Amino acid sequence: MPFYKRGFLYLMRKRGKSVLLLLIFLFVNSMILSTNMILHATESTEAAMQEKAGAKVVCEISDTANPITDKEAEMIKNLAEVTSINRMGQQSAYLTDLAPVTASASTEPDNLKVSLLSFDDMDTDSPFADQSYRLTDGELVKPETKYGAVINAGFAEYNGLQIGDTLSFETENGKAVTVEVIGEYLTGNESQQENNTLAVYRMENQIYIDNTAYLELFDGSGFYKVSAYTGQPELLDPLAESIQGILQDKADITTSDVLYQQMKAPLTQITRVVSLMRLLTFFAGTVIVSLLLCMWMRSRQKEMAVFISLGEQKATIFLQALLEAAAVFLIALLCSCGLGSLAAGSLTELLLSSVETGVSLQVSLQFTDIALLLGIGSGVVVIAVLLSLLPVIRANPKDILSRMEG
């Protein structure tokens, strides 16, 4: 009779033992599959987090007379590791039809000017991003903004401006540009300024504009600061070196991935704990299954010794035992996959309630999780069967029969 037929007949004859082995495999497989699903979810979350964590290289000029040019900023933007840049400029200009907020009687030109600060994206790198200033109405300058301005609420009230109104600026050399009010803000410190503060230095006269308007008004003036963002935080140092090669000594280069590290910390904690759980499950499962199979194989030693005495190869005996365990393991694998799909939502809630990640963590059953379970579980089966059959494989059939008879 072929070994595979003997194996299936044995499983059918020993239903109690087969069910017990099935339950053990189901428990081990469920534990391994759960850990695989969690690890897969953390890997996916970390990959998505790298794109959104705001890891950046900050370039700030060391001499106001030598700003970062638009050409240099474009070279930084074109670097392979850079996903986006935020150019920041600062100049002063006159208002063509309006008046700056001031309590000073000074006749100096600076008491007739406003301070213009330009950004590509105020949501990612500005006093509003770190919540130093508060937007009270409208929206901030975004990458798609063209000729927009965010003004102080005090400046808006002083000049009777509302969202959608326009105001114009003019430089000393006669260049002018008109922008639309898209937002209003407050700093919270407007009332704490001294009366003799010149207009250009007052908080009410800080006006934020987009770089399209800035470059048209101050063509060639350059930027005092450029932030280069990357979706690969691990490449921050090489990126900083590349940018340093472009700017040479005109800017101080620093890197920042604080937000990424803060978001990554709880994920790293989860990964370590779950990896340890998977390792312990592998060893515990191997030991438990091996002990159970050893007990069974001990009661079957006479049967196996008879087969070997009749000319059956020890390799065939091993294959029969492996087939029996593998058949039960595959049934348990299918059952554990069903349980894994049902438990995915509960695992997500459990993780998010126990550890605050600050990011979205979605646990789900993936094909890679099943493939990994198949690989790890197969290792458990092979090792357990091999350990349980060692006494039979190493011993002489005659010795086994003599011992069993005695």
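The values are calculated or read from the model by the stated rules, or taken from the named source; none is laboratory data. This is a predicted model, so every value here is computed, not measured. Neighbour counts are summed over all protein chains in view; Cβ atoms, including those assigned to glycine, are modelled from backbone coordinates with ideal geometry. Just the protein is used for accessible areas: all its heavy atoms, side chains included, with ligands, DNA and RNA removed. Shrake-Rupley method; radii C 1.70, N 1.55, O 1.52, S 1.80 Å.
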Per-peptide average of other Cβ atoms within 10 Å, ordering 153-162, 117-126 highest first: 117-126, 153-162
Identify all aspartates and glutamates with a Cα-Cα distance to Lys113 below 14 Å; exclude those on the same chain that are fewer than 8 residues away in sequence. Asp97, Glu170, Glu172, Glu204
Sites Thr197 and Met75 - FRET efficiency at Förster radius 35 Å, r taken between beta-carbons, to 0.05: 0.35
How do the peptides 67-73, 79-85, 188-194 rank, highest first, by the average count of neighbouring beta carbon atoms within 10 Å per residue? 67-73, 79-85, 188-194
Just to confirm my numbers, what's the Cα centroid distance between the range 369-385 and the range 104-156 in Å? 61 Å
Counting only protein heavy atoms and rolling a 1.4 Å probe, one gets per residue an accessible area for the range 79-154 in Å² of 47 Å²
Around Glu157 (Cβ within 15 Å, Cβ-to-Cβ, excluding Glu157; K/R +1, D/E -1) the net charge comes to -4
Please work out the FRET efficiency for the pair Ser275 and Glu157, using the Cβ-Cβ distance as r and a Förster radius of 51 Å; give the result to the nearest 0.05. 0.30
Out-of-range pairs (alpha-carbon distance over 18 Å; input Lys14/Lys314; Lys56/Lys225; Lys56/Lys77): Lys14/Lys314
